Amino acid sequence: MTVVDINRLLGPLPYDEVVSRDPAGLVGELDRLRIDSACVVHTHAVYGDPRDGNESLTAVEEAVGVRLRPVPVLIPGPLGTPQWQGGARLVRLCPGEHRWSLTGGHALALAAALAKTRTTVLLGWETVTAPEIHQLASALPTLRIILTGTGYRSLRELAELMDSHVELCVDTSTLAGHLQVEWFAGRYGARRVLFGTGAPVTDDAGPRYQLDTLALPDADTALIAGGNALRLLGEGEDP
């Protein structure tokens, strides 16, 4: 079973000392937890200037290869990141951190370009509202969105969104309640659930242990563990 962490940070945190502050430290953590590769956003792109963080990821890819898969952070509009040229299969949007509207004209134009190229978007639940997600997904129903860090308190809102929008998916980083992952896989299909940790901001060992103990068929567990991520990255079957 291939394990791919769809939601991981690389780099220093402004409020804590972390092992994953550099590529070697992060790869060591992946080895310790038996994670084959991780889709990584640089912390500078989240907490600082995305242009600096995205540039740092280029060197990481050249040095480490597929163990660490770069995920650029994009900001729409004339004051955002340089014009998006395509190529990345997975990107992250951080409207809350960088103070822009998810449903504004510039954001919708960027999202339309991403939908056209079937680029998947990582979107943190804590940075937006459910109505904003609904508006974006309604305007662009083919845009693939993975909601991260949803937690157990938002499950009713999340279920309503996933009932309405078939391209919405969820990561496992904070689905820590009893049989929550199994419930999502049963209701929406295992293809809409992806293994992610959100580490080092959130725990990585818990979701990794959970993956080994899921009460699901082996085929569904394999999809959640890494099959879905590889498909979205262009390395697996696309339905």
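Of everything in segment 192-215, what is touching a residue at least 12 places away in the same chain (Cβ under 8 Å) and in a helix (DSSP H, G or I)? Give them in sequence order.
Once the filter is applied, which keeps residues that are touching a residue at least 12 places away in the same chain (Cβ under 8 Å) and in a helix (DSSP H, G or I), segment 192-215 yields R192, A205, G206, P207, R208, Q210, L211.
Can you pull out the residues in segment 177-198 that are among the hydroxyl-bearing types (S, T, Y) and either open to solvent by less than 20 Å² (accessible area, probe 1.4 Å) or at positive phi (or both)?
Hit for segment 177-198 is T197, nothing else.
Restricting segment 80-119 to residues that are in a helix (DSSP H, G or I) and not aliphatic (A, V, I, L, M), which is surrounded by the fewest Cβ atoms within 10 Å (Cβ to Cβ)?
Per the criteria, the residue is G105.
Being within 27 Å of L114 (Cα to Cα), β-branched (V, I, T) and buried (at least 18 other Cβ atoms within 10 Å of the Cβ) narrows it down to one residue among T202, T174; which is it?
T174
For segment 192-239, which residues satisfy the criterion of being under 24 Å from T127 (Cα atoms) and of a type in the set (D, E)?
Across segment 192-239, the qualifying residues are D203, D204.
Residue check: is L90 aliphatic (A, V, I, L, M), within 23 Å of G124 (Cα to Cα) and out of contact with any Lys or Arg (no Cβ under 8 Å at 6 or more places or on another chain)?
In short, no.
L122 - would you say it is part of a strand (DSSP E or B), open to solvent by less than 10 Å² (accessible area, probe 1.4 Å), out of contact with any helix residue (DSSP H, G or I) (no Cβ under 6 Å at 6 or more places or on another chain) and under 21 Å from R51 (Cα atoms)?
Criteria met by L122.
Can you go through G86, G65, G48, G77 and tell me which one is over 21 Å from P207 (Cβ atoms), in contact with a helix residue (DSSP H, G or I) (Cβ under 6 Å, 6 or more places away or on another chain), at pLDDT below 95 and not aliphatic (A, V, I, L, M)?
It is G77.
Could you tell me whether any residue of segment 46-68 is open to solvent by less than 50 Å² (accessible area, probe 1.4 Å), under 23 Å from F195 (Cβ atoms), among the charged types (D, E, K, R) and touching a residue at least 40 places away in the same chain (Cβ under 8 Å)?
No, the conditions are met nowhere in segment 46-68.
When the residues of segment 1-45 are filtered to those that are of a type in the set (K, R) and not in a strand (DSSP E or B), which remaining residue is surrounded by the most Cβ atoms within 10 Å (Cβ to Cβ)?
R21
Could you grab me the full set of residues in segment 160-179 that are under 23 Å from G206 (Cα atoms) and outside any strand (DSSP E or B)?
T172, S173, T174, L175, A176, G177, H178, L179
Give me the residue from segment 125-140 that is outside any helix (DSSP H, G or I) and closer than 26 Å to Q180 by Cβ and, out of that set, least open to solvent (accessible area, probe 1.4 Å).
For segment 125-140, the residue satisfying everything is V128.
Of all residues in segment 69-79 being open to solvent by less than 20 Å² (accessible area, probe 1.4 Å) and in a strand (DSSP E or B), which is nearest to L30 (Cα to Cα)?
Top of the filtered list is V73.
The values are calculated or read from the model by the stated rules, or taken from the named source; none is laboratory data. Computed from a predicted structure; not experimentally measured. No Cβ is skipped: glycine too gets one built from the backbone with ideal geometry, and neighbour counts run over all protein chains shown. These accessible areas exclude ligands, DNA and RNA; they are computed on the full protein's heavy atoms, side chains included. Shrake-Rupley method; radii C 1.70, N 1.55, O 1.52, S 1.80 Å.
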